[in-house]
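Right, one structure below, let's go through it.
The values are calculated or read from the model by the stated rules, or taken from the named source; none is laboratory data. Quantities reported herein were computed from a predicted structural model and do not represent experimental measurements. Here the Cβ is made from the backbone with ideal geometry for all residues, glycine too, and neighbour counts use every protein chain on show.
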Amino acid sequence: MPPCLLFRHSAFFTPRPKQIGAGSPPRCAWPRLAAAFVFTALLVLMSHRALLAGNPIDDALEACRQTGQTTLELGQCLTTAMQQWDKELNAAYAALMQTLEPGAREALKASERAWIGFRDAEVKFLRERFSTQDGTIWPLVEGAQIMDLTRRRAIQLRCYVKMMDMEGPPDEECP
């Protein structure tokens, strides 16, 4: 029987080998499946980079990623960006609180508490999901997803501040 080929003329094109047993995947399916997962993970990271372009925190993260050569260095880049986005979120929250009337302040506090509950549940899900994956890229994918939760909330709160002030240049990140 010919060896299992991962790629032929185009990606994922291989002749189908005979089934080993009822209900079992073809012999060549596992290498293709592994390649598809790696490709998907890289695609997620690359698309995440494209979404992050234009913000000083995101630009610094990208510059750090370009110089990082190990998983540990890339993880440190992500940790630094997470801390900066957390500071940005807290600053946007404080600025928004200053613009609101007492009733709206209480509503924002309740909203923020609910968002923190959502964030914590989402982080738990992501950690459970990615903890079972083999390979050193998965903690970076998990970290990027967790950072993006804080990033999106910080931008959302900053946009609310801009709406309340009705001042300043248009922000491309705001709707």
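Looking across region 134-151 at every residue that is charged (D, E, K, R) and more than 8 Å from the chain's Cα centre (by Cα), the one that is farthest from LEU72 (Cα to Cα) is identified as ARG151.
For the residues CYS159, CYS174, the requirement of being under 18 Å from GLY54 (Cα atoms), free of Cβ contacts under 8 Å to residues at least 60 places away in the same chain and loosely packed, with under 15 Cβ neighbours inside 10 Å singles out CYS174. Every condition in (1) under 22 Å from the mean Cα position of the chain (by Cα); (2) over 27 Å from GLY54 (Cα atoms); (3) loosely packed, with under 15 Cβ neighbours inside 10 Å is met by GLU101 except one, and the failing one is (1). When MET163 is tested against (1) in contact with a His (Cβ under 7 Å, 6 or more places away or on another chain); (2) farther than 25 Å from GLU62 by Cα, just one condition goes unmet, and that condition is (1).
How many residues are assigned to a loop (DSSP other than H, G, I, E, B) and either modelled with pLDDT of 95 or more or on the phi < 0 side of the Ramachandran plot (or both) when one looks only at region 50-72? Result for region 50-72: 5.
Cβ-Cβ contacts under 7 Å between residues 6 or more apart (or on different chains), taken from a first residue in region 102-130 that is within 16 Å of LEU157 (Cβ to Cβ) to a second residue that is surrounded by 11 or more Cβ atoms within 10 Å (Cβ to Cβ), are listed as ARG105/MET97; LEU108/LEU96; LEU108/MET97; LEU108/LEU100; GLU112/TYR93; TRP115/ARG153; ARG119/LEU149. Any residue at all in region 73-95 that's assigned to a helix (DSSP H, G or I) and loosely packed, with under 11 Cβ neighbours inside 10 Å? Within region 73-95, none of the residues are assigned to a helix (DSSP H, G or I) and loosely packed, with under 11 Cβ neighbours inside 10 Å.
Within the span defined as region 112-132, one or more residues are of a type in the set (Gly, Ala, Ser), at pLDDT below 95 and part of a loop (DSSP other than H, G, I, E, B).
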